[in-house]
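Step one of this worksheet: look at the structure below.
Bear in mind that the values in this text are calculations on the coordinates, not laboratory data. The structure presented is a predicted model; accordingly, all values stated were derived computationally and were not measured. Counting neighbours? That spans all protein chains shown, and the Cβs are built from the backbone with ideal geometry, glycine included.
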Amino acid sequence: MKSNKKYISWKRIGKAWNRDKGLIAMCILPLMLIIVFKYIPIYGIVMAFQNYTPKGGFFHSEFVGLKYFKAFFADPFCFRVIKNTVLLSLYSLLWRFPAPIILALLLNEVRNKTYKRVVQTVTYLPFFISVIILVGMMKELFSSVDGIINSVITSLGYNLINFFSEPEWFRTLYIGSGIWQGTGYSAIIYLAALTGIDTEQYEAAQIDGANRFQKIIYITLPGIMPTTIILLIMQMGSLFSSDFQKILLMYSPGIYSTADVISTYTYRYGLERANYSYGAAIGLMLAIISFIFVWIANAISRKVTEQSLW
Amino acid sequence: MICIILLIIVVLILYPLLYIVSLSVSDPGAVSRGEVTFLPVDFTLDTYKYVLQDSRLGSSYINSIVYAVTGTLSSVVFTGLMAYPLSVSSFSLKKPLTIIIMITMYFSGGMIPTYMVIKNLGFIDTLWAIIMPGAVSAYNVIIYRTFFSSIPTALRESAVIDGAGHLKIYYKIILPLSKPLIATMSLFSAVGLWNNYFEPLIYLNDYSKQPLSLLLRQMVIQLEFSNQNMKDLVQSLTVNTRTIRAATMLAAMLPIMCVYPFLQKYFTSGMMLGSVKG
Amino acid sequence: MKNRIKRITSLLLAIIMIVSLAACNGSNKEDTNSKKQDPGTESSIQEVTNTIEDEENSAVPITFPLDEQITITAIVRDFNRDRTKYIDKLFEQYTNIKIEWTIVPVTDYNTVLNLRLNSGEFPDLIQINKNTVNTFADQGLFVNLADYLDQMPNLQKWIDKIPSIYNDSVTEEGDMYSITTFNTRGQVPRQPIYREDLFKAEGLEAPATIDELYNSLVILKEKYPNSLPIINRWGSGNLIGHVANLYHTKAGIYLDNDTLEYTYGQVTDNFKAAIATLQKFYVAGLIDPEFATISDEQFFERILNGTALYMFAEYTNRMNTESQGDWNGNGKINNPAFNLEVMKPVDTEIGNGLLSVQYPTSRGGFTIAVNSKSAYINEIVALLDYQYTDEIIELVNWGLEGETFKVVDGEKQWLIDAEERKNLGLDSRSGMWVAIDQDCFDSTLDPIDLKTVRTSNANLTNYAFYEPKKTLSFTAEELDRISQVMTPIDTFYSEQIISFITGKLNMESDWDDFIRTITDMGYQEILDLYREKYNNLPEEQKGLDMSIGL
């Protein structure tokens, strides 16, 4: 296949066309959708390099080059917010990625169908709780004045913890609530992947005398490996995004040192006026970096596991 | 053992959920006094009456259902059609198309150009603005492709020998074997569309076309004000109660929550048992 | 084979080209925001003739209802209601203008509006704010209402009464691209509130000075160890702001009431004194440890269950009015002795304690602008002016005499209850931000609260922290520069100040370093900008706005 790319002749193209014309016909319409709604607007990226005004539009606004990029990197807090964003995402990844897999594996082991269904449904409900209600509940639960968690802590002999005012606790609260809210919902896709594993393999392993644990390690996990790897690679591209709404509700100046991320900082930056060019510049920069991360993850994965996005 | 772990998880989840339900049926005064900890206090259905009586609620429910159903349909159809060719290893355009799609996952022109495209297509204030832009997302295409790739090529090859074209293979063999995938992605798509407020926010002027998610956004004002005067002004114009928030959230959740149990029957294993002999 | 490839490729290219052309043409297309009938050549000539006529007879006023109904478009914040209520229909009748509303949730309003403005397409009439207007003003997007002022006698009347309506709307060059919204008068909505019953039980009077407050709270904290004497919501900035006001200062750049100079509060001695006081109170356990983070619900809970004893400045109408929360009513349910009362701000060594008042205008925060490409500019300008007449203000706020209200001894009284008012749409929101009748709002209050606010209003000269006569205008570049310099400074300041308040940092040894860092971060540049703009103002726009339209 690779050598085909090296030299293209009409004959080869003709052969490929004949073989693939059905496939091309299938994807032509979706491809059009992608081109129209995703590629045509891409000219808007120039806004990151312009002093955009509606009068000038995209083609006549003053070109300012890297002005906004420079402004961002000249900001004294630039490094801190980048660090907070990346750390938050990495820790999130570390804790939130395995959780749905584990839940799916646990559910898979349940024999009783009804029990399995009930648990499945219950675990996926928190996903629908709006972020305002979620944070409101957290603030009550973890209050240092009248929260349950602190009463338990003090009854065990420890000091009160003012959770929402201590920078060290922010990430734990953010990730913990994320796990609580999202695990059940994210597990669904792994459950779907689990159904694709051939049950004959389990039967064969049973005959060979494998116990439950061994079955999981040697059959189940490899069975969902393709899905897992692909999802993991794609997550690499989200290293610079964060749940803006949630952080906005959870944070306060006292915990800026861990909680202030790129999106919240630029939000305060843009409170007086919506400078689209500035936003576009930041967005473009983050997109490039995210894409590079995905590229690297993809290359590593291709070498190590032979699974890759492309 | 596993059952015990799962039971703990269920309790950890149910407790806060029931708390929210209690909030929605408790007397607002009792709620503001902090008397509601788990069970309802002074049970009342007034909050629900207030929420359900809003004249815009009925139409926004219907709008949400329409958007969710049509959007899910178009998403599943188009994403599948895009993903299947990418899962055929012999497809000549596989790599270039994958890269084209991956680029869209990270780079976009932004709100303004997208808005201009929608405007020039005449889609403003229509259903299409809501469901078309997101119909084919790179993320979904990759997931579909991964699932399609896991279907043994032997099945595909036997159909080719029988003289079937690509579309027929897709329709008759691949799709039926992908029921768990379709079920999952339909669910994700429907939930996403149901909760989505952003596209309706910027593309719909006529608010009789508003979905429920947008209506709910009107109930909660969450803003920083640049001067105290603005704060004072808004204060006198709005009264936010916690019970209303809980009730509206639950009212919005209910329909979409009920979709999952229906789809669970597709999550049984052994779909491919007996399909490949020898 | 080759031909087929070529054909399909060219077909694909053609489709792509057509679609991209359609998209790129967007910026050249004419805006079609007013729903006029299809303009054939005849009506265009008609239009031109009309304009010429108008210019000749510029004195011919437009009267309402219009002879011929027109339809205009407008975009507003929703504040949780649609525009199909009884009063909206009456409004349409009175004006004979059909308004097609685009209603946007308040939280997202600026996002949507900015998107529309930047895409070059927006409705005839928009709610906006002064900074955004200034950003776009030099591009001719909005009608310069200064040219139409002589056609707006009713607005003129209000400007005579409340000059800041004009001052806050006009630019340095005398252009007026939007009108700031306003209420019929200002008020003093917030005051210190305390648990009068608990103070009385210890034989304590309402404290008059900050030291008396400290001593009283220490005594009460000893008696009630689980109480949180001072509570606060809306974050640390709120608490700091109130206490700073007591010391005649505030955080940020403001016009100093005593020196009449623009000052950066954080670097003043008064501010240092305010923070020192806060630290003293916090270390003594007199401030809620969660003062910077609690939600509104937690705040109300702490008031109602008796944990809180004192608030520096809260809305007084929440104490007894049912629609606003009825704190006393709720508190008495579990504790019959519960009684919250208002007191005046405590005095400090600087002088008498001040607090901020509510001005009639939004000071540029909410303004109304007209699309310069609208087909109905004259009508819309006339509509805006019509909104400032007493009839419309009465219609939108009170309704119809005899139907919804009656006049007794010169005072208006309601004939319908709150539920009915809501159903009819009598919430002062009809039209395009018609002036909110403050008397009307007051009439919905509990008599005790009404008396409170009236007394506060009457005494405001004793403790008002005044705003300047004119809120300064900034260009887009200036706003960007302000963002660039002040965002890191504000971030640093707001983080550090919490450490000072909680006592982690020492007022004596660490404060000077703190000030030095802020100075090095370059606030002086922005302060000079403010001062320069202020000095360039005409004399009648300088100084403090001491009237709130009462």
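Once a ≥ b ≥ c are taken as the square roots of the eigenvalues of the Cα gyration tensor of the range C:296-366, is the result rounded (a/c under 1.5), prolate (a/b larger than b/c) or oblate (a/b not larger than b/c)? Oblate.
When chain A is treated as a Gaussian network with alpha carbon springs shorter than 10 Å, the biggest mean-square fluctuation among A:Met285, A:Met32, A:Met138 belongs to A:Met32.
Temperature 25 °C, viscosity 0.890 mPa s: under these conditions the Stokes-Einstein estimate for the range A:1-156, based on its Kirkwood radius over C-alpha pairs, is 104 µm² per second. In the protein assembly as shown, helices alone account for a calculated mean residue ellipticity at 222 nm of -17000 deg cm²/dmol, with every DSSP H run of four or more residues adding -39,500 (n - 2.57). Axis of helix C:269-283 versus longest Cα principal axis of chain C: the two differ by about 60°, to the nearest ten degrees. Model label sites at C:Asp197 and A:Phe69, defined 7 Å from Cα along the beta-carbon direction, differ in position by 6.6 nm. Using C-alpha pairs below 8 Å separated by at least 6 residues, the relative contact order for chain C is 21 percent. Computed on the Cα trace of the range B:45-273, the radius of gyration divided by the Kirkwood hydrodynamic radius gives Rg/Rh = 1.07. The ranking of C:Arg516, C:Arg116 from fewest to most other beta carbons within 10 Å of each one's beta carbon is C:Arg516, C:Arg116. With viscosity 0.692 mPa s and temperature 37 °C, the Kirkwood radius over alpha carbon pairs of chain A converts through Stokes-Einstein to a diffusion coefficient of 137 µm²/s. Neighbour counts of C-beta atoms inside 10 Å place C:Leu472, B:Leu263, C:Leu239 in the sequence B:Leu263, C:Leu472, C:Leu239, starting with the fewest. Sorted from longest to shortest, the spans of the Cα atoms of the protein assembly as shown along the three principal axes equal 97, 87, 61 Å.
All other residues whose Cβ lies under 11 angstrom from that of A:Leu87 are scored, Lys and Arg at +1 and Asp and Glu at -1, for a net of +3.
Taking the fewest neighbouring Cβ atoms within 10 Å as the starting point, the ordered list for B:Ile8, A:Ile34 is B:Ile8, A:Ile34. Diagonalising the gyration tensor over the Cα atoms of the range C:329-487 and scaling each eigenvalue by 5 before taking the square root yields semi-axes of 33, 31, 15 Å, largest first. Just checking the listed ones, A:Ser242, A:Ser130, A:Ser155: in the Gaussian network model of chain A with Cα springs under 10 Å, the one fluctuating most is A:Ser155. Looking at the protein assembly as shown, what % of its DSSP beta bridges pair antiparallel, to the nearest 5? Restricted to the protein assembly as shown, the bridges split so that about 60 percent are antiparallel. Largest mean-square fluctuation among B:Met257, B:Met230, B:Met105, in a Gaussian network model of chain B whose springs join Cα atoms under 10 Å apart, belongs to B:Met230.
Taking 31 Å as the limit for the C-alpha separation, the pairs B:Lys95/B:Lys265; C:Lys98/C:Lys451; A:Lys67/C:Lys470; A:Lys139/B:Lys209; B:Lys231/C:Lys272; A:Lys215/A:Lys303 exceed it in the case of B:Lys95/B:Lys265; C:Lys98/C:Lys451; A:Lys67/C:Lys470; A:Lys139/B:Lys209. Cα-Cα pairs above 41 Å in chain C: how many percent? Taking all Cα-Cα pairs of chain C, the fraction more than 41 Å apart is 34 percent.
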